[in-house]
Amino acid sequence: MIKVHERLKRSFPLTVLGTPAVTGLVWVLGKAFAASNSYGYFFALAGFALIIILGAFSHIQARGFSEEEIIWHSRQRVFAGREPAPHGLELSRSWLLPFFRVRFRLQGVLRAGDTLLGYHSQSGRFKPGEDYTVPLSLRLPHCGSFHALLTLSVEDIFGLTRAPIGNPVSRLIPVLPGVFNRPVRYRIAERGSEEKSRVKESEVERYYMREYVPGDRFRDINWKASGRGDKLFTRISPVAQDESTTVTLWVRFYARELRPSPGLLALAEHQKSWVVTFLLRIKEEHPDFLFQVFLNREEYLLENDEDLEAFAANLGAMWFCSPAGDLPALPLEGRVYLFATSADETCDSVRQAFPRVDFSLYLSRIAERRERKQGTAEGFPLYTGYTGEDLPSFSLLLGTFRKLNTLQRRLVNTAEEAQLFPLIGKDGESSP
């Protein structure tokens, strides 16, 4: 039923301006018929003829486009609340009558998991030309999954009639967490550091090289030595590869109240950006490090940039869930970087289940009122990121009336704590 409704809506030949225009012409024709006014007849019939001609030409030109001629460039990554991603729209066919244009409409919903965060819609008109790409900049206020739908139609320049071009194009666009422009604090004892300092001389370097065989890691190829001949050589570290330094993270998204609210959204957005920033900063300083990340109960092994980007997309699409009874398979000892929020009521108890693990807790917490007055809290903008193209979901708007005391819980033995308070509206007023 919904698909039939959408199909009828798209095939309706009149626009928002054309519908009242036709309604007015019908009213004029009725008045002219009642009063036997020839001028009214002429005006109404001329208006009907113009709209019919414009609609016919729009339909003919729209039928001339094929779906293969529509190219939607959407490979550029979208970061939440950052500069718009330079997407684009291209039509390989450049011919169109002078009084007609192509209208695009990009709309969709933004979700984090199964939670609806908001809506996005943007539109514009252009005249297709050869080798011309229409800028389709995409900016979204929050991270998640954007379920996008792109529709095209041919319209007259008066904006009265329209005709759809092909079928709508749908895509799932991941919105990645933004990266903080600040350093991160961590403490890692890199295994094999003493051995690495001894592998400097060329004689030792040749001793720890062998010819490349399929299955060797791409980053272990010694390009300098390989460039001297016609073979690839793999660098063999004095430390076994299975002893490479692995950094373990446990990222928890648990809460008792799962309905979206500005406070809960601020915690989720901050923690996602904090985790991504933490991974990127360590990767920049230690390119050879590996990351073992537990996202709630799911485990990820991050070895390269592709793994990091895929994990960031999964992280951005996360939302809070109810606390789970079973725990992930964490290492039984060593250091684990634990990222949690003040909405997590079971964080203290689960740490006791791993007595030999040295947890470094990074906590995102909603600030108390006195902390805001003292200036130690950090304002986290939410609705200020919305533009005229964005609209928050109704459930998120209802969440503005919920109290924040349940999200101000403190946890003991924290390595670093972020005290947040959500900013609502352009005037920067904080929620109660």
Legend entry - Residue-normalised accessible area of the range 240-297, expressed per residue, 1.4 Å probe, Å²: 31
Inset, instruction - Could you sort out which of LYS272/LYS373; LYS231/LYS283; LYS283/LYS403 sit more than 32 Å apart by Cα distance in this structure? - result: LYS283/LYS403
Legend entry - Alpha carbon centroid spacing (whole Å) that separates the range 145-184 from the range 243-300: 29
Inset, instruction - Could you pull the Cα extents of the range 54-149 along its three principal axes, largest to smallest, in whole Å? - result: 43, 26, 22
Inset, instruction - Skip the ligands, DNA and RNA, and give the accessible area per residue of the range 111-175 with a 1.4 Å probe, whole Å². - result: 41
Legend entry - Highest average packing first - 392-405, 339-352, Cβ atoms within 10 Å: 339-352, 392-405
Legend entry - For ASP156, solvent-accessible area (1.4 Å; no DNA, RNA or ligand), Å²: 0
Legend entry - Per-residue ³J(HN,Hα) for the range 404-419, Karplus 6.51 cos²θ - 1.76 cosθ + 1.60, θ = phi - 60°, Hz, x for Gly and Pro: 9, 4, 6, 9, 10, 5, 8, 10, 7, 6, 8, 6, 7, 10, 10, 9
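The values are calculated or read from the model by the stated rules, or taken from the named source; none is laboratory data. Please read all numbers here as calculations on a predicted model, not as lab measurements. Quick reminder, even Gly has a Cβ in these numbers, built from the backbone with ideal geometry, and neighbours come from all protein chains shown. Each accessible area value is taken on the protein alone, full model and side chains, heavy atoms only, with ligands, DNA and RNA left out. Shrake-Rupley method; radii C 1.70, N 1.55, O 1.52, S 1.80 Å.
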